[in-house]
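Undergrad: Once you've had a glance at the structure underneath, I'll fire off some questions.
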Amino acid sequence: MAQAANRAYPRSVTLKDQQITLRLMQSSDRDAVLAFAQALPAKDLLFLPLDISHPKVVDGWVRSLDSARTTTVVAEIGGRLIGLGTLVRSETTWARHLGNIRLLVSPDARGIGLGSVLANEVFALAEEAGLQKVVAQMAAEQRGAQAVFEKLGFKAEALMADYVMDAQGRTHDLIVMSHDVTGLNG
């Protein structure tokens, strides 16, 4: 059984009568993660800092699993990957108290609460890691994602107009939401 701080994995949750296994991503997940990313709609990948549908990017992600910088929780049904929740800790010295949450849920697994479960998992990992502030970035049109983070206590901190450009050259607004984990600033 793998462990991240005080959280034991694998473990199961039931959502809408479906048994979902949560566990930490391992290097053996490389091909499944790549296939999962390649099957996602392009708009789901647009706001990620790296395009995880490319094999070299996933290879780098897998290499980072051994560091304390990145922790990813995988959600599966019957061995099929349906979601990922990642906590990325800042490498910058002056931002070492910060973490970024990234969530991806397969379109066929949306609407059952998996995004909330993954967000809660990753947020708990951030708390256990002693991070003081956690940030999530998403498209302004991703209302469902915003609602997931608002339930966790995240607040919109910035709206960056026309900040992201898609493959067709259209720009999109980026929302930055954050949560003060320690409660010092809230």
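Undergrad: In Å, what is the Rg of the alpha-carbon atoms in the range 1-83, and how long is Dmax?
TA: When restricted to the Cα atoms of the range 1-83, Rg and Dmax are 13.3, 37 Å.
Undergrad: Now for a separate question. Under a point-charge model restricted to the Cβ atoms of Lys and Arg (+1) and Asp and Glu (-1), what is the dipole moment magnitude of the range 49-106 relative to its Cα centre, in debye to the nearest 20? Mind showing how you got there, number by number?
TA: Numbers: 7 positive and 5 negative charges, 23 e Å.
Charge dipole of the range 49-106: 120 debye, to the nearest 20.
Undergrad: When the convex hull of the C-alpha atoms of the chain is computed, what volume per residue in Å³ does it have?
TA: For the chain, the hull spanned by Cα atoms encloses 125 Å³ per residue.
Undergrad: Could you give the alpha-carbon Rg of the range 37-89 over 2.2 N^0.38 Å, rounded to two decimals? If you can, show how the numbers build up before the last one.
TA: Values: Rg = 11.6 Å, N = 53, 2.2 N^0.38 = 9.9 Å.
For the range 37-89, the normalised Cα radius of gyration is 1.16.
Undergrad: Most mobile of VAL164, VAL33, VAL74 per a Gaussian network model of the chain (Cα springs, under 10 Å)?
TA: For the chain, modelled as a Gaussian network with Cα springs under 10 Å, the answer is VAL164.
Undergrad: So if I place +1 on the C-beta of Lys and Arg and -1 on the C-beta of Asp and Glu, and nothing else carries charge, what would the dipole magnitude of the chain be about its Cα centre? I want it in debye, nearest 20. Show your work: numbers first, answer last.
TA: Numbers: 19 positive and 20 negative charges, 50 e Å.
Charge dipole of the chain: 240 debye, to the nearest 20.
Undergrad: On to the next question. Using a cut-off of 28 Å between alpha-carbon atoms, which lysines can reach LYS56, once sequence neighbours fewer than 8 places away in the same chain are excluded?
TA: LYS43
Undergrad: Which of the aspartates and glutamates could a cross-linker bridge to LYS155, judged by Cα under 19 Å and excluding same-chain residues fewer than eight apart?
TA: List returned: GLU121, GLU127, GLU141, ASP173, ASP180.
Undergrad: Quick one: Debye curve from the C-alpha atoms of the range 77-134, no solvent, what's log10 I(q)/I(0) at q = 0.24 Å⁻¹?
TA: Normalising to I(0) and taking log10 leaves -0.89.
None of the figures in this text is laboratory data; all of them are computed from the coordinates on show. In this text the structure is predicted, and so the values were computed from the model without any measurement. Heads up, the Cβs are rebuilt from the backbone with ideal geometry, glycines too, and the neighbour counts pull from every protein chain shown.
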